[in-house]
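Below is one structure; the comments refer to it alone.
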Amino acid sequence: MSSTSMSSTPMSRTDGAVPILAARGLSKAHGETRALRGASVELYAGEILAVTGASGSGKSTLLHCLAGMVRPDEGSVVYAGQRLDRLPEARLSELRRTEFGVVFQFGQLIPELTALDNTSLPLLLAGASRKAAHEQAGEWLERFGVRGQEGLRPGEMSGGQAQRVALARALVTGPKVVFADEPTGALDSLASEQVMTALAHTARETGTAVLLITHDAQVAAYADREVWLRDGAVSADAVALEATR
Amino acid sequence: MSTRHILLGLLAGGPSHGYDLKRRHDERFPQARPLAYGQVYTTLQRLVRDGLAEVDGTDSDGGPERTLYRSTAEGAKELAGWAAEITPPAPFVTNEIFAKVVCAILAAAGPTPTPGPASTPVRISTADPASSADPDPDPVPMPVPAADPVPAADPARYLIAQRAAHMARMRELTAVKTAPGADLATVLSADYALNHLDADLRWMTTTAARLTTLTAEVDPT
């Protein structure tokens, strides 16, 4: 075991690197339920960061705030120098389309579209021609090992195949950050391994930062760092939070 | 782990010499502690003594002469029996992490130990160390440095550090099994360790959440 492996996971890096995405003091309530209570987290270019925690700890709300899908009640989200929480909706929407990719537990592929059309969609929305979009989408499907499944609709694919198509769709535009919310939550261990290996390899090859939400330590082990969320607050260590209950 | 049975398994495919058995063991069981040559030869001698293997001549293959061993019919029977034998599922729960947590609670609850001297008083002889004929009759006693305070046992802190070490090891094993070209034996052996470490992690998180109750149970005072 390396000497560094014995140290606890740092909350942020100490090498002076500037995070590509940084949240400070995020709070968010859904009605009476306070999902986030002063959560802070930093994501650096090219790293895979696992956010782990029990069900209901606020993981998904944190992802939604970081990806600009939900505005926090308090706190700031800074992406590449811009305050996401203050951007107008149109600009946010454009950012989400061009700079961010998102994968959910259930890939949320469009059931009526084939794997190729699902993967092409972000490119078509960005103005690419159908031919160019299909060509590029095909390359990404190949990269994720689902070449040959282009004509299948989500209902005709296994869970693992559908999730790899969802990954291809999330990465097809060359985003700077991919948000993955329990991407293997509905998969068996073998399919989970295939999806995570594909995601980790591709992210490292392309230098894409990944914010990986998971409650599974074996999935978190694909990440470079791990932070733990409990009752809406972030800690560098699970046990530290549990021990202070 | 039964080295004698593993060697019998490796000999099942045909005669082999000690060096080759060691090499094949380390290939077949990646991530396992490599077999020591001494252990291989000692085990082979015991197998011969017990009639489970026998010498099958020598093989030089251009290098130094090596003794070839092969399994006997008795050895094959022994191997088949071992391979079919159910491994007792956790007959005793020996959990070092739990033992440390409990002992840390006991230590934290006990009286604070009085710091003794850090070590035997340091004395420095003024005599020439090279001259044994004239030993210094009265070494000058040096001041005894103040002993470091006895560190307080802290089960929560221990669990934090242990969890970080487990997670770091899981990251290493994940990198090993997902490296391009990793063979199936490597993947399966890493998976075995990952699943066990994962179970430990879940246990540690649950234990940390129950430390207050455990402390009250271990030390009712």
The one condition A:Q105 fails out of (1) in contact (Cβ under 8 Å) with a residue 24 or more places away in the chain; (2) out of contact with any Ser or Thr (no Cβ under 9 Å at 6 or more places or on another chain); (3) under 30 Å from A:R83 (Cβ atoms) is (2)
Could we say that B:A152 is more than 13 Å from chain A (Cβ to nearest Cβ) and at pLDDT below 90 here? yes
Quick count over segment B:172-182, residues being over 18 Å from A:A198 (Cβ atoms) and without any contact (Cβ under 8 Å) to a residue 12 or more places away in the chain, is 1
Of the residues in segment B:156-170, those that are within 16 Å of B:R210 (Cβ to Cβ) and small (G, A, S) come to B:A156
Scanning segment A:122-137 for residues that are assigned to a helix (DSSP H, G or I) and farther than 18 Å from A:E156 by Cβ gives A:P122, A:L123, A:L124, A:L125, A:R130, A:K131, A:A132, A:A133, A:H134, A:E135, A:Q136
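Of everything in segment A:140-183, what is of a type in the set (F, W, Y) and either without any contact (Cβ under 8 Å) to a residue 12 or more places away in the chain or assigned to a loop (DSSP other than H, G, I, E, B) (or both)? Give them in sequence order. Show your work before the answer.
Of the residues in segment A:140-183, the ones of a type in the set (F, W, Y) are A:140, A:144, A:179.
A:F144, the sole residue that qualifies.
Restricting attention to segment A:13-59, which residues are among the basic types (K, R) and under 16 Å from A:A233 (Cβ atoms)? If you could, list the steps in order and put the result at the bottom.
Of all residues in segment A:13-59, those among the basic types (K, R) come to A:13, A:24, A:28, A:34, A:37, A:59.
A:R24, A:K28, A:R34, A:R37, A:K59 - these are the residues of segment A:13-59 that are among the basic types (K, R) and under 16 Å from A:A233 (Cβ atoms).
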Among (1) at pLDDT below 90; (2) within 13 Å of another protein chain (Cβ to nearest Cβ); (3) not in a helix (DSSP H, G or I), B:G181 falls short only on (1)
Here the residues within segment B:156-177 that are at the interface with another protein chain (Cβ under 7 Å from one of its Cβ atoms) and within 15 Å of A:D224 (Cα to Cα) are B:A164, B:A165, B:M167, B:A168, B:R169, B:M170, B:R171, B:E172, B:T174
With criteria (1) within 30 Å of the chain's Cα centre (by Cα); (2) not assigned by TED's automatic domain parsing to the domain that holds B:T174, B:A104 comes up short on (2)
Reported set for segment A:147-183 where residues are out of contact with any Leu (no Cβ under 9 Å at 6 or more places or on another chain) and of a type in the set (V, I, T) is none
Being of a type outside the set (D, E) and in contact with a Leu (Cβ under 6 Å, 6 or more places away or on another chain) narrows A:L190, A:L124, A:L199 down to just A:L199
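Per-residue answers, yes or no, for (1) more than 21 Å from the chain's Cα centre (by Cα); (2) acidic (D, E):
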residue	(1), (2)
A:H134	yes, no
A:G138	yes, no
A:G145	no, no
A:Q149	yes, no
A:E156	yes, yes
A:G160	no, no
A:Q163	no, no
A:A168	no, no
A:P175	no, no
Across segment A:187-238, the tally of residues that are away from chain B (no Cβ under 13 Å), within 16 Å of the chain's Cα centre (by Cα) and surrounded by fewer than 19 Cβ atoms within 10 Å (Cβ to Cβ) stands at 2
Of the residues in segment B:184-220, those that are within 7 Å of chain A (Cβ to nearest Cβ) and touching a residue at least 40 places away in the same chain (Cβ under 8 Å) come to B:M204, B:T205, B:A208, B:L211
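The values are calculated or read from the model by the stated rules, or taken from the named source; none is laboratory data. Nothing here was measured: the structure is a model prediction, and the numbers come from that model. Methodologically, a virtual Cβ is constructed for each residue, glycine included, from the backbone with ideal geometry; neighbour enumeration extends over all protein chains shown.
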